[in-house]
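S.K.: Take a look at the following structure, please.
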Ligand code: SF4
Ligand code: SF4
């Protein structure tokens, strides 16, 4: 069928600079650059370009640039280019439109409407270069009070607690969705940083077992790779109910990605599609969740916190309260802007709510019910900077997860082609040649640099506010002010207008 | 129009900001100290207050009524007084009710001050916790009856405070007629609360009183943490939050004050290695549970209750505190000069380590450089 789709990007190659080295041809995984044998020059199939900048980054003479195709449709606020092109794509292919990464739609980003406070005159700011500044965070259920026996020994039983040195962890990204080398980079970085990485739902590859003390393993709807050793290894076990990019939707790892190694780690036959059902078929209600939580606690002798991850949806506050009462020690809330390796575009761009609102309402609800101490809250989905980290913590999070930001540190340019398996940066692919584009040593170094940089910035933010412990920012919404928000938005966020 | 004298925070800021001078003195043998000691000491530090608040708390005030709860209540209208007295009559047996002996010429815009000696009605108490009963009724008056404010509600103690220099507040209450074995005093430099008598320090609940110099930057989370345990921080002052925090930890959760101090100003994680294993376990348990009560930002506080006076600064001591001892007497002050004025022959003076509580008790005088072991504290407390 003749495609009516215009190319979205144009690749401009400066003929005065190009030395016909073919680097761009080899680097491009989408066949957007090719060598014309007859004419002996490098050219581009622009219609294939996804704007991932791989060729731009590697061209030795800076000959390349990629632009949006200036081609204009007739101005129409309703039938915009994206709308028209989505319809054309579906008319030509049938089926659902798939995409990768988080929603790119311009829903409000509340982090950009919240401003942090600092000390002036009436109290001093604290200089993190001179004074200790504490970011250490303990995840897990806390008691309501502590009791001591007559000799000063702690009498109150404590649920298991996991210490992280900085309140920034890596989001769940499964082996299969990302390559083993990406997981190696994450695990190594987590170990160096004293934080945690998360296997996602694809099992734990034996080569990563050595990072157990910095690992969270997931038990998701497909139960891939779950066995007794898998549950014994990690610090935390996470039940994945949902994901911000695709609430209510399962997963689909195409058979091509299920290589020998993936198949063994996931414990499924090679080449078969790995289908994660939409719901857990043993969790149809909250009491079923309780049973799974306690089944895992029993299986691990109550030695590890059990976390439950959900997508931020309309009733998140009530759901979170139920999860805490069902025994979750940690709840992870993944917002609308959270990313994915593959999701139907209709779901990614239309379902869920922003993390800021979900987080604020969960923290408020748990406090109203007097059960906030019973679980740690982890926020994820759209954390882009240390400022976002500080704001999420002020809204009530104990810690945050970063996924997209971590992949960007590894080279990802957010081209949203993760579902194709052709990631030019070697991240979201299981192609044995492409995955070599990530060097785990260098990958870990880039990740450590990023999280270290952010942690230093969070310390600066704390010091500026005049506090020296992360506990004093957590849930402290007096340190936030809103700009350009309605009264209802500020009410849900629990903040006041800047200037008031 | 709203009467601005009745408002603690008329600009509706998050809370009240102020700087201050504080002073405390205790005779650990229980001997009585005249009011001139705290008055002269706090007056010496006049440049640390701005005339917008001063106050005193004294313990051992009413030995003849030592089993009754002594209520010091301020009224700014007759209607408020009527309503509060009706409410008190409903819940308490009042042994004595009298206007306090004051000199209204000492200060402008003075409210009426009354004193009551009261005991919970047995048929209402129904065998419940007496202190909780008194605390709940006190909070009720302070939060829902207009034009009335309970300065203090403990036994054999009382709070005297108002808007003015501490010296003039003392003149108003004719303070020289009183003596006590503990005195604490406060001079205030508020930046956004021009004049409400109830907002002055000391802040009292039951027989707890707190005087405070500083600004708690963790206020927002301290307040939200306390809300979970039923405390309503209606005054928006740091002192109120600190008082409730101490009340929760010591009275309701039964922790010795030295241990409670480790929740309010915990050691740094990086210093934990220097502690023994038991101590580490204690401090970690406290911090994990009461992290939301960690008082962060600059502060010095003097906490007092029956038989006990405690000084504490924030973890990195961003506000001053000096300790002095002389025989059985223990003095705490923002500035050493104030101690020297009232007690020129001090045996010892020192500046305590940030976050390390200085505890004076009947029969117990602290010494310089003292640190404590949790186990010892427990052995002593039980
Ligand atoms: S990488 Fe650059 S120099 Fe090499 S062929 Fe492509 S455009 Fe030309
Ligand atoms: S991971 Fe790869 S495919 Fe996915 S958005 Fe990033 S660069 Fe593109």
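Here, each number is a calculation from the coordinates, and none is a lab measurement. All of these numbers come straight from a predicted model, not from anything done at the bench. Every residue, glycine among them, receives a Cβ derived from its backbone with ideal geometry; neighbour counts consider all protein chains shown.
S.K.: Binning at 10 Å from 0, report for segment A:161-275 what percent of all alpha-carbon pair distances ends up in each bin.
M.R.: With 10 Å bins starting at 0, P(r) equals 15, 48, 32, 5, 0.
S.K.: Now, a different point. Rank the residues B:92, B:151 as a footprinting-exposure proxy: fewest other Cβ atoms within 10 Å of their Cβ go first.
M.R.: Details: B:92 22, B:151 25.
Taking fewest neighbouring Cβ atoms as first place, the list is B:92, B:151.
S.K.: Quick check on segment A:274-332: take the gyration tensor over C-alpha atoms, sort the square-rooted eigenvalues as a ≥ b ≥ c, and tell me if it's rounded (a/c under 1.5), prolate or oblate. Present the calculation step by step, with values, prior to reporting the outcome.
M.R.: Details: a/c = 1.75, a/b = 1.20, b/c = 1.46.
Judged from the Cα gyration tensor, segment A:274-332 comes out oblate (a/c at least 1.5, b/c at or above a/b).
S.K.: Something else about it: Partner chain Cβ atoms within 10 Å, averaged over the residues of B:264-276 - can you pull that number for me? Walk me through the numbers before you get to the answer.
M.R.: Numbers: counts 0, 0, 3, 0, 7, 7, 3, 1, 0, 0, 0, 0, 0.
Average neighbour count from other chains, rounded to a whole number: 2.
S.K.: From other protein chains only, count the Cβ atoms within 10 Å of every residue's Cβ in B:222-235, then give the mean.
M.R.: On the way: counts 2, 2, 11, 7, 0, 3, 9, 3, 1, 0, 0, 0, 0, 0.
Partner Cβ neighbours, averaged per residue: 3.
S.K.: To continue, here is another question. Most mobile of B:66, B:258, B:240 per a Gaussian network model of chain B (Cα springs, under 10 Å)?
M.R.: The residue that fluctuates most here is B:66.
S.K.: Counting only other chains, and only Cβ atoms inside 10 Å, what mean value do you get across the residues of A:120-130? Don't jump to the answer; show the numbers that get you there.
M.R.: On the way: counts 0, 4, 12, 12, 7, 2, 6, 0, 0, 0, 1.
Per-residue shielding by partner chains comes out at 4.
S.K.: Which angle between 0 and 90 degrees, to the nearest 10, do you get for helix A:440-465 versus the longest principal axis of chain A when only C-alpha atoms count?
M.R.: Helix A:440-465 sits at roughly 50 degrees to that axis.
S.K.: Taking every eigenvalue of the Cα gyration tensor of segment B:251-345, multiplying by 5 and rooting it, what semi-axes result, largest first, whole Å?
M.R.: Working: eigenvalues 159, 47, 34 Å².
Equivalent ellipsoid of segment B:251-345: 28, 15, 13 Å, largest first.
S.K.: I would also like to ask the following. List A:22, B:161, B:262 from most exposed to least, where exposure is judged by having the fewest other Cβ atoms within 10 Å. Walk me through the numbers on the way to the answer.
M.R.: Details: A:22 12, B:161 31, B:262 25.
Listed from fewest to most nearby Cβ atoms, that is A:22, B:262, B:161.
S.K.: Quick check: Cα centre of segment A:96-171 to Cα centre of segment A:391-432, how many Å?
M.R.: The distance from the Cα centre of segment A:96-171 to that of segment A:391-432 comes to 21 Å.
S.K.: What translational diffusion coefficient, to the nearest whole µm²/s, does segment A:9-95 have by Stokes-Einstein, given a Kirkwood radius computed over alpha-carbon pairs, a temperature of 25 °C and 0.890 mPa s viscosity? Let's see the in-between values first.
M.R.: Numbers: Rh = 14.6 Å.
Estimated diffusion coefficient is 168 µm²/s.
S.K.: Then there is this: For chain B, what mean projected area does the convex hull of the alpha carbons give, in nm²? Don't skip to the answer; put the middle values down first.
M.R.: Values: hull surface 71.4 nm².
Mean projected area of the Cα convex hull: 17.9 nm².
S.K.: I'd like the Kirkwood hydrodynamic radius of segment B:114-244, using the inverse of the mean 1/r over distinct C-alpha pairs, in Å. Before the final figure, lay out each step's value.
M.R.: On the way: mean 1/r = 0.0620 Å⁻¹.
Kirkwood hydrodynamic radius for segment B:114-244: 16.1 Å.
S.K.: Kindly rank B:48-57, A:58-67, B:174-183, A:222-231 from highest to lowest mean number of other beta carbons found within 10 Å of each residue. Write out the running numbers ahead of the final one.
M.R.: On the way: B:48-57: 24.7, A:58-67: 15.3, B:174-183: 20.3, A:222-231: 18.0.
Put in order of decreasing packing, that is B:48-57, B:174-183, A:222-231, A:58-67.
S.K.: Against the longest alpha carbon principal axis of chain A, how many degrees, from 0 to 90 and to the nearest 10, is the axis of helix A:355-368 turned?
M.R.: It works out to around 10 degrees.
S.K.: Now a separate question. How many nm separate the modelled label positions at residue B:350 and residue B:125, each set 7 Å beyond the Cα in the direction of the Cβ?
M.R.: 4.2 nm
S.K.: I'd like to compare B:122-135, A:183-196: which one has the highest average count of other Cβ atoms within 10 Å, and what's the full order after that? Show your work: numbers first, answer last.
M.R.: Details: B:122-135: 13.7, A:183-196: 23.9.
Descending packing order for the listed peptides: A:183-196, B:122-135.
S.K.: Can you give the FRET efficiency for residue A:34 and residue A:65, using 1/(1 + (r/R0)^6), R0 = 25 Å, r = Cβ-Cβ distance, to the nearest 0.05? Numbers along the way, then the final one.
M.R.: Numbers: r = 18 Å, r/R0 = 0.72.
Efficiency for this residue pair is about 0.90.
S.K.: If the viscosity is 0.692 mPa s and the temperature 37 °C, what Stokes-Einstein diffusion coefficient in µm²/s follows for segment A:332-459 when Rh is the Kirkwood radius over Cα pairs? Don't skip to the answer; put the middle values down first.
M.R.: Details: Rh = 16.2 Å.
D, rounded to a whole number, is 203 µm²/s.
S.K.: How tilted is helix B:130-144 with respect to the longest principal axis of chain B? Cα atoms for both, answer in degrees (0 to 90, nearest 10).
M.R.: Relative to chain B, helix B:130-144 is tipped by roughly 60 degrees.
S.K.: A follow-up question, please. Given labels modelled 7 Å from the Cα in the Cβ direction, how far is it in nm from residue A:107 to residue A:79?
M.R.: 2.8 nm
S.K.: Peptides B:98-106, A:488-496, B:138-146: what's the order by average Cβ count within 10 Å, highest mean first? Can you show the working numbers first?
M.R.: Working: B:98-106: 12.6, A:488-496: 18.0, B:138-146: 16.3.
Final packing ranking: A:488-496, B:138-146, B:98-106.
S.K.: Another question about this same structure. For an R0 of 51 angstrom, estimate the FRET efficiency from the Cβ-Cβ distance between residue A:281 and residue B:177 and round to the nearest 0.05. Could you put the intermediate results ahead of the total?
M.R.: Details: r = 79 Å, r/R0 = 1.56.
About 0.05, to the nearest 0.05.
S.K.: In whole Å, what are the Cα extents of the protein assembly as shown along the three principal axes, biggest one first?
M.R.: 110, 58, 52
S.K.: In addition: Just want the ordering: A:359, B:286, B:206, from fewest to most Cβ atoms lying within 10 Å of their own Cβ. Mind dumping the intermediate values first?
M.R.: Numbers: A:359 30, B:286 25, B:206 22.
Neighbour counts put them in this order, fewest first: B:206, B:286, A:359.
S.K.: For segment A:137-497, what class follows from the C-alpha gyration tensor (a ≥ b ≥ c being the square roots of its eigenvalues): rounded when a/c is under 1.5, otherwise prolate if a/b is larger than b/c, else oblate?
M.R.: Values: a/c = 1.45, a/b = 1.29, b/c = 1.12.
The shape class here is rounded.
S.K.: Report Rg(Cα)/(2.2 N^0.38 Å) for segment A:223-318, keeping two decimals.
M.R.: Details: Rg = 14.8 Å, N = 96, 2.2 N^0.38 = 12.5 Å.
After normalising by residue count via 2.2 N^0.38 Å, the value is 1.19.
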